[in-house]
Amino acid sequence: MAIIFDGKLFALQKNEKLKKEVLDLNTKGIFPHLASIVIGDNPASKLYVGLKKKAGEAIGIQVDVYYLPETTEKEDLLTLIDTLNKDREVSGIMIQLPIPTKLVGFKNEIIASIDPRKDVDGLREDSVYVHPTSKAVIEILNHAKNLSQMKNLSIQKICVVGSSGMVGKSLVKELKKLDYEVFGCDSNTKDINKSTLQSDVVISCTGVLGLIKKEMIKKDSIIIDVGFPKGDFDKGVFDLAGFVTPVPGGVGPVTVACLLENLVQSVGKND
């Protein structure tokens, strides 16, 4: 039976450290401040932003949420971003994705308009921050590798399913920097099993419920599920894998903590 990762506990421990860092900054007259922009009425987006606001305020970070209507024009959004870029009190800016259909064609332009020093969500190609989800996955992977039950395993080959998506693309890039042998799979991959079965770690971020079955992974492998909203891995993998992140309660809470960590780190970059 696999070790089940407790993302809430991991994030709580991480946030306790961040809280101390924020208090230290406060004594120096520095107050981390996140501006989050939500466009439209997507319930999931509002939920996630609410969770980020709650987590941020719990560690002493000011989080302002700008709710814009579905009908918002690109020019108005860019004006708001420009105002936030110039506001020295704002440490970080994030745009909650997805954005409305009418703005999708301008997505790259919108993201590129964020000051790279304030792009705490790591969306820009030249961002100085690692995308929080990628950062969370790597921290969880390092945690798994350090567990006594996993230390004797050789962990070098990683399969990322959903490698052409926003999260997957960032993950492949960051994992290769760490010298892992990475197999990327997406909707055009004919035989995903070939890659998953030879991998020590399988990470999936497609949002396709139960996509990865027990017979598609090898014994004692590390399974990191980034699937939304209910997970990409079939529950049968729990019987074979060595380490599994559940959905919910796995990668999600750690991602929020990593976003807040990026924000705290951004303070020095905005001076």
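Every read-out reported here was derived from the displayed coordinates using simple, explicitly stated rules and does not represent laboratory data. Predicted, not measured: the structure shown is a model, and the values here were computed from it. With ideal geometry, Cβ positions are generated from the backbone for all residues, glycine too; neighbour counts draw on all protein chains shown.
Across the chain, the relative contact order, built from alpha-carbon pairs under 8 Å that are at least six residues apart, equals 23 percent.
Dividing the helix sum by the residues of the chain, where each DSSP H run of 4 or more adds -39500 (n - 2.57), gives a mean residue ellipticity at 222 nm of -12500 deg cm²/dmol. One quarter of the surface of the convex hull around the alpha-carbon atoms of region 132-251 equals 6.5 nm², the direction-averaged projected area.
Peptides 253-264, 147-158 ranked from most to least packed by the mean count of surrounding Cβ atoms within 10 Å: 253-264, 147-158. Straightening the chain between Glu181 and Lys8 buys 59.4 nm, computed as 0.36 nm per residue apart minus the Cα-Cα spacing. Rounded to the nearest 20 debye, the dipole size of the chain about its Cα centre is 680 debye, using +1 on the Cβ of Lys and Arg and -1 on the Cβ of Asp and Glu.
Going from the fewest other Cβ atoms within 10 Å to the most, the residues Phe106, Phe243 appear in the order Phe106, Phe243. Only one of the listed values, (i) 0.94; (ii) 0.98; (iii) 1.22, was derived from the coordinates as Rg/Rh (Cα atoms, Kirkwood Rh); which label is it? The calculated read-out lines up with (ii).
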